[in-house]
Amino acid sequence: MFCNQCEQTSKGACVTVGVCGKTNEVAALQDLLTYVTKGLAMYAFEARKKDIVNQAADRFVMNALFMTLTNVNFDPLRFKDAIAEGVGLRKELQAKIGTINDEIANYEPPTNLDELITEGERVGLIANDENEDIRSLQQVLLYGLRGVAAYAHHAYILGKEDDKVYAFVHKALATIGSVTLSLDEWVALVLGCGEANLIVMELLDAGNTETFGHPVPTSVPLGHRKGKAILVSGHDLKDLLDLLKATVGKGINIYTHGEMLPAHGYPELKKYEHFYGHYGTAWQNQKKEFANFPGPILMTTNCIQEPKESYFNTIFTTGPVGWEGVRHLPNGQYEELINTALDMPGFAEDDPGQSIMCGFAHNAVLNVADQVIAGVKAGDIKHFFLVGGCDGAKAGRNYYTQLVEETPDDTVILTLGCGKFRFYDQELGDIGGIPRLLDVGQCNDAYSAVQIAVALAEAFECGVNDLPLSMVLSWYEQKAVSILLSLFHLGIKNIRLGPTLPAFITPNVLNVLVENFNIQPISTVEEDLAAMLG
Ligand code: SF4
C-alpha cells in the first residue's frame, strides 16, 4: 500500500499498515474503487456531452469517493460491493453512448475478494510515477474531490444537489490521469475543485438551515443526565434528526460527540427535550471516550477508529461508514441501536458539568453585525481570527490552544471544525456583549465563516484580504483539502496552515501556492501572533 492522504501519515506515507488502522487489503480495495470510479466518470463525462445523465451514477461517484476518505470505511465487503455497483453503472452508460477507447474506462474487475485486492495493488492510486510535481497535483485534486464528495453526500441526503458539481467531478476524474496538462491547466482544475466545493458547502448550508432552521446561540452541557443514553458522532444532522424522532418517549437521552456538537444550535433539533448535551471531545479521543460511555454509539460519517473490544458490539455505523464486523444500519433504521441503549445501564445520576456555547453561524453573527461593526469602528475590536479545521492526534496541535489563549482581549475568535476542541471550553469573556469565542459550526460551515468575512468586507468597503482578519487553519484529512481549495478559489491569501504541511505537496507545488496565495506553515505562537497583529 501507499497512502499519504492525511496528516497522520507516518514518515511521508503509510506503506505497510495505516496509522488510521487501514490494512493493506482495504487500501488496495479503496484504490481499485477509485480506479473503477474514474472509469465510470469517463463515461458520465462523455454522456453529459450528449445530454445523457444517469442520476444513480452521479450519486454513486460521490458515495464511492466519500468511502475512500480517511476514517470512513474499513470494511472489505462494502468495497467489493461498491466496485461491482460502479462497473454495473458504467455498463449502463456504455450501452447508451457506445464504448470509449480507454483501458480504465473499460476495466473489468474479478469478482473474488482476494483477486480484487491483487488488482487494487496492481493499479495503485495514481498512475503517474515519473513526474513528482504532476503526481502531487493529481493528489491535491483527488483528495480535494474526496472532500467535495463528502459534502455533496451530506447535501444530497437533505435533498440538495447541483448538476454543475457532478459535471465538474466527472470531468476532473476523467482528466486526472493526464500527463499532458500544462501547469496552468492543473491550477485551473485544482481551483475548479475549490469552486465546486464552495457550491456544495452552500448547498449543504441551505439544506441544513432549510431543514433544521438557522442555528441560534445555545448553551450546551458537557455533563450528563440520569438515564439511558445514545451517543451520535460524525456530521450527518439528518441521521441525528431521525434518531431523535425514533427515541421520543423512550427515556433515552441523546448526546453528541466530535463534529456533531454544533447540532445543538439548530432549532428543529434542539426542540427535542431528550437531546441533552455533548459528551467527549474530538474524534482522536474516541477510544477512551466511547469506552466510558454507558450506551451505544452511532457513527454517521467520518471519523471512525478501530473500535475497542469493550464497545465493539455496541457501536453502529450508518451511511458510508463501515468497520468489518461492526453492525451497519441503513440510514434511519435505528431499532437495533435503540434496543441496545435500553439494554445498557445509561448514566446513574445527573451531572450537568460545565456548559459551552455554540450556534454562531452566519445568520446569528450577521444579526449582530451592526454591533460588531460599531465595535471595530470604536476600536473595541482590533482583530478577528479564524482558528478552525480538524483536530488530530499528532504532536504540535497545542499550538492552537496556546494561540487562542494568548490572543489579546480586544480580539474575536471565530472557530469551526473539530480543531476547536483544543480550546472550546475556554472562558474568554466578551466585548460589549459579543462573546470573544464564536463557534461557527462544523468544518463545512467554513461557508458560514466566508459569509461573515464577506459581509464584514462589504461593511468596511474593502476586500476580505484587507480585513483585520487572520486565518489559522489545522488540517487532518481531505475535507480540509477541499476547504483550502475553496479559500484559494475565493482569492483568500495569507492563510497559516498546520500542524504540518501535507506530505503529498512537493516543494515546487508549495512554491506555486506560496507565490499565488502566500500560504504559510505555522511557526511559533509568539512569532505568528506578532506577525498577524503587526
Ligand atoms: S488515511 Fe492517513 S493514516 Fe490512514 S493509511 Fe492513509 S495516510 Fe496513513
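Where a number appears in this text, it was derived from the coordinates with a stated rule and is not lab data. Please read these numbers as outputs of a predicted model, since none were measured by experiment. Heads up, the Cβs are rebuilt from the backbone with ideal geometry, glycines too, and the neighbour counts pull from every protein chain shown.
The figures follow:
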quantity	calculated
Largest-first principal axis extents, alpha carbons of segment 383-508, Å	44, 33, 22
Total formal charge among the other residues, if their Cβ is under 12 angstrom from that of I97, Lys/Arg +1 and Asp/Glu -1	+3
Cα→Cβ-extended label distance, 7 Å offset, between E526 and A246, nm	5.4 nm
Surrounding net charge for T411, when Lys and Arg each add one and Asp and Glu each subtract one, Cβ distance under 9 Å	0
Residue-span extension gain [T500 to D114] - 0.36 nm each, minus C-alpha spacing	135.4 nm
Separation of the A56 and A13 label points, Cα + 7 Å toward Cβ, nm	3.6 nm
Cβ-based exposure ranking for M42, M299, M532, M344, in which fewest neighbours within 10 Å come first	M344, M532, M42, M299
Formal net charge of residues neighbouring V220 (Cβ-Cβ distance under 13 Å; K, R +1; D, E -1)	+1
DSSP-assigned coil residues among GluC sites (Glu not before Pro) in segment 364-455, each with at most 15 further Cβ atoms within 10 Å	E427
Of the chymotrypsin sites (Phe, Trp or Tyr not before Pro) in segment 437-511, those whose Cβ has at most 14 other Cβ within 10 Å and which sit in DSSP loop	F460
Two-decimal log10 I(q)/I(0) for segment 218-343, as the Debye equation yields it once each C-alpha is a single scatterer, q = 0.09, 0.15, 0.20 Å⁻¹	-0.20, -0.59, -1.13
Kirkwood-based shape ratio for the chain, expressed as Rg/Rh from alpha carbons	0.96
Calculated FRET value between E268 and N511, using beta carbons and R₀ = 56 Å, to 0.05	0.75
Additional length obtainable on full extension of the chain from T401 to L342, 0.36 nm per residue less Cα span	17.4 nm
Distance between segment 105-120 and segment 319-351 - C-alpha centres, whole angstrom	34 Å
GluC sites (Glu not before Pro) lying in DSSP loop within segment 434-534, provided at most 10 other Cβ fall within 10 Å	E461
Computed log₁₀ I(q)/I(0) - Debye formula, equal Cα scatterers, no solvent, segment 1-152, q 0.11, 0.16, 0.19, 0.21 Å⁻¹	-0.41, -0.88, -1.22, -1.45
Total charge dipole magnitude, segment 163-233, about the Cα centre, Cβ charges on Lys, Arg, Asp, Glu only, Debye to nearest 20	680 debye
Cα-centred dipole magnitude for segment 418-490, charges only on beta-carbon of K, R (+1) and D, E (-1), debye, nearest 20	240 debye
Modelled FRET efficiency - R0 30 Å, D162 with A457, Cβ distances, 0.05 increments	0.75
37 °C / 0.692 mPa s Stokes-Einstein diffusion coefficient of segment 357-410, Kirkwood radius on C-alpha pairs, µm²/s	243 µm²/s
Length added when fully stretched, N131-E324, from 0.36 nm per residue minus Cα-Cα	65.8 nm
Computed magnitude of the charge dipole of segment 365-533 (debye, nearest 20; Cβ of K, R +1, Cβ of D, E -1)	520 debye
Label-point gap, in nm, between E210 and F2 - each point 7 angstrom along Cα→Cβ	4.4 nm
Rg/Rh for segment 271-367, where both radii come from Cα atoms and Rh is the Kirkwood radius	1.00
